[in-house]
Amino acid sequence: MLNVRQIESCREAAVLSDGQGLRLEVDRSLNRKWIFRFTLRGKRRDMGLGRFPDVTLRQARVLRDEARQLVAQGVDPIESRRLGRLEQQVTFAFAVERFIESKQSEWKNNKHRQQWRNTLQTYAIPKLGNIPVKNISVQDILSVVEPIWMDKTETAKRVRGRIEKVLGWSIALGHRVDHNPAVWAGLLENLLPSPAKISPIEHHAAMPIDQIKGFYDWLKDETAISAKALQFLILTVGRTGQVVGARWDEVSVTECIWSVPAERMKSGIAHEVPLTREAVALLADLPRLAGNPFLFPGLKPGRPINSNSMRLFLRKKTPEMTSTVHGFRSTFRDWAEEQNKWGSRAIEACLAHTNKNKVEAAYLRSSLLDSRREILSAWDSFLVR
């Protein structure tokens with residue numbers, strides 16, 4: 001065993017052993033560092049314990065004994081220390097990234113992940129980012145959501161909910177042992193006004209059925225690519241994200257089918273859209289840009305139009321209208337139900353609305369294709385005749 005005099009009297013490069021794996025390595029510059037050498041699962045490893053005299057001989061022995069206990073239990077002391085240090089460094093910003101990584105497999109697409117990150121980076125991380133998750137308090141949560149609770153209620157609700165999930169993840173992994181300060185029930189509901197009383201419910205304004213034909217006639221004469229996208233959206237009763245991301249390799253003109261992949265569907269289920277005569281004619285007139293796979297190419301090479309393009313076009317060209325892009329789906333449903341020709345299941349299938357019964361949902365996607373083609377063809381005729 002070593003003693004302090006031996007250590008201090010060493011004036012050349014050497015390795016001094018204290019036994020049970022503890023060594024003091026002395027280099028040519030007479031710098032001295034403690035090493036614990038151990039073997040685990042057949043592999044020899046060296047664990048640094050600090051420099052002498054910052055770490056005394058007695059302290060080095062304590063550290064060695066703690067490490068030896070871990071090795072005896074089959075635990076790598078180097079990895080254990082790394083995790084211990086990591087726990088001390090689990091700030092909210094760090095937890096956000098780890099939480100997002102853990103959820104990638106269940107989230108439908110990269111857009112969802114980016115929305116999470118953007119929301120938290122905009123509102124939460126500037127105030128919570130550097131705070132260890134174990135220290136975040138109710139007052140910290142309020143400092144994030146209270147300033148936007150009245151004016152941006154929906155956003156504030158979303159931010160609070162996402163903070164709650166990140167902190168819940170932290171609790172599950174042992175990075176926080178206290179309660180979750182972002183929960184609504186029983187906690188923040190007592191400190192903030194009820195969202196139902198301050199946030200008006202917004203519906204997607206739909207164009208009246210008796211106006212849609214005239215609007216469509218006018219739209220056909222517009223040459224902007226966003227106008228063509230809006231025309232396609234009305235004909236297919238699709239959602240904005242489906243239409244904006246539509247690619248040429250998803251379209252079969254011979255079969256008159258547009259196959260929307262699952263990652264662009266709200267339901268997460270691939271959807272086949274029957275293409276009507278008017279829709280096929282529209283596609284035939286669209287420009288095909290080299291290197292751009294999208295039906296509705298944007299200004300950036302290889303990219304589609306912006307997701308807000310149709311909305312901005314509608315507002316710019318028809319400022320007097322209150323209708324929204326999404327509202328055309330409601331107009332279609334109102335029209336289809338008025339015809340009293342088709343069942344609600346077929347109409348809902350045209351809109352690709354989720355059916356909670358998975359067996360019935362599969363049936364609707366397959367066997368109702370002909371019915372959906374009939375309905376959309378009738379919609380086509382109504383619009384263009």
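The values are calculated or read from the model by the stated rules, or taken from the named source; none is laboratory data. Quantities reported herein were computed from a predicted structural model and do not represent experimental measurements. Using ideal geometry, Cβ is built from the backbone for each residue, glycine included, and neighbour counts are taken over all protein chains shown.
Table: residues versus (1) part of a strand (DSSP E or B); (2) touching a helix residue (DSSP H, G or I) at 6+ places or on another chain (Cβ under 6 Å); (3) outside the structural domain of Asp380 (by TED's automatic domain parsing); (4) of a type in the set (Lys, Arg).
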residue	(1), (2), (3), (4)
Lys266	no, no, no, yes
Glu272	yes, no, no, no
Ala279	no, yes, no, no
Gly291	no, no, no, no
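Within the stretch 355-375, if we keep just the residues that are within 33 Å of the chain's Cα centre (by Cα) and modelled with pLDDT of 65 or more, the residue that is surrounded by the fewest Cβ atoms within 10 Å (Cβ to Cβ) turns out to be Leu369.
Just give me the residues in the stretch 1-25 being in a strand (DSSP E or B) and either small (Gly, Ala, Ser) or under 20 Å from Val62 (Cβ atoms) (or both), in sequence order. Ala14, Leu16, Ser17, Asp18, Gly19, Leu22, Arg23, Leu24, Glu25, listed by residue number. For the stretch 97-106, how many residues meet the condition of being surrounded by 15 or more Cβ atoms within 10 Å (Cβ to Cβ) and without any contact (Cβ under 8 Å) to a residue 40 or more places away in the chain? Of the residues in that region, 1 qualify.
Kindly indicate whether Asn340 is at positive phi and modelled with pLDDT under 90. Considered against the rule, which asks whether it is at positive phi and modelled with pLDDT under 90, Asn340 comes out as yes. Answer yes or no as to whether Arg37 is farther than 26 Å from His175 by Cβ and touching a Leu at 6+ places or on another chain (Cβ under 9 Å). So Arg37 fits the description; yes.
How many residues are in a loop (DSSP other than H, G, I, E, B), out of contact with any Asp or Glu (no Cβ under 8 Å at 6 or more places or on another chain), farther than 18 Å from Gly129 by Cβ and modelled with pLDDT under 90 when one looks only at the stretch 157-184? Count: 3.
May I ask you to list the residues in the stretch 301-313 that are part of a loop (DSSP other than H, G, I, E, B) and under 24 Å from the mean Cα position of the chain (by Cα)? If the condition is that a residue be part of a loop (DSSP other than H, G, I, E, B) and under 24 Å from the mean Cα position of the chain (by Cα), then Gly302, Arg303, Ile305, Asn306, Ser307, Asn308 are the ones that fit. In a residue-by-residue description of the stretch 61-70, the property of being within 28 Å of Ala13 (Cα to Cα), free of Cβ contacts under 8 Å to residues at least 40 places away in the same chain, surrounded by fewer than 16 Cβ atoms within 10 Å (Cβ to Cβ) and among the β-branched types (Val, Ile, Thr) applies to at least one position.
Counting only helices (runs of 4 or more DSSP H) wholly contained in the stretch 209-252, the ones carrying 2 or more residues that are free of Cβ contacts under 8 Å to residues at least 24 places away in the same chain and exposed (fewer than 15 other Cβ atoms within 10 Å of the Cβ) occupy 209-220. When each of Leu120, Leu142 is tested for being of a type outside the set (S, T, N, Q), under 30 Å from Ile269 (Cα atoms) and assigned by TED's automatic domain parsing to the domain that holds Lys165, the lone residue that passes is Leu120. Within the stretch 86-134, if we keep just the residues that are in contact with a His (Cβ under 8 Å, 6 or more places away or on another chain) and modelled with pLDDT under 85, the residue that is farthest from Gly161 (Cα to Cα) turns out to be Glu87. A Cβ distance below 7 Å, combined with a sequence gap of six or more or placement on separate chains, defines the contacts here; from the stretch 139-150, residues that are over 12 Å from Leu188 (Cα atoms) and touching a residue at least 12 places away in the same chain (Cβ under 8 Å) reach residues that are among the polar types (S, T, N, Q) and surrounded by fewer than 17 Cβ atoms within 10 Å (Cβ to Cβ) in the pairs Ile148/Thr155. The helices (runs of 4 or more DSSP H) found entirely in the stretch 26-141 that carry 3 or more residues being closer than 29 Å to Gly241 by Cα are 92-103, 110-119. Restricting the stretch 18-40 to residues that are of a type in the set (D, E, K, R) and in contact (Cβ under 8 Å) with a residue 12 or more places away in the chain leaves a set whose member that is farthest from Glu8 (Cα to Cα) is Arg37.
Scanning the stretch 141-176 for residues that are more than 22 Å from Glu101 (Cα to Cα) and surrounded by fewer than 18 Cβ atoms within 10 Å (Cβ to Cβ) gives Leu142, Ser143, Glu146, Pro147, Ile148, Met150, Asp151, Lys152, Glu154, Thr155, Lys157. Within the stretch 316-348, count every residue that is farther than 16 Å from Leu235 by Cβ, within 29 Å of the chain's Cα centre (by Cα) and in a helix (DSSP H, G or I). Within the stretch 316-348, residues that are farther than 16 Å from Leu235 by Cβ, within 29 Å of the chain's Cα centre (by Cα) and in a helix (DSSP H, G or I) number 1.
If you go through the stretch 1-41 and keep only what is among the polar types (S, T, N, Q) and at positive phi, you end up with just Gln20. Of the residues Lys228, Lys197, which is at pLDDT 95 or above and either more than 19 Å from Leu351 (Cβ to Cβ) or touching a Cys at 6+ places or on another chain (Cβ under 8 Å) (or both)? Step by step, each of Lys228, Lys197 is checked, and only Lys228 is at pLDDT 95 or above and either more than 19 Å from Leu351 (Cβ to Cβ) or touching a Cys at 6+ places or on another chain (Cβ under 8 Å) (or both).
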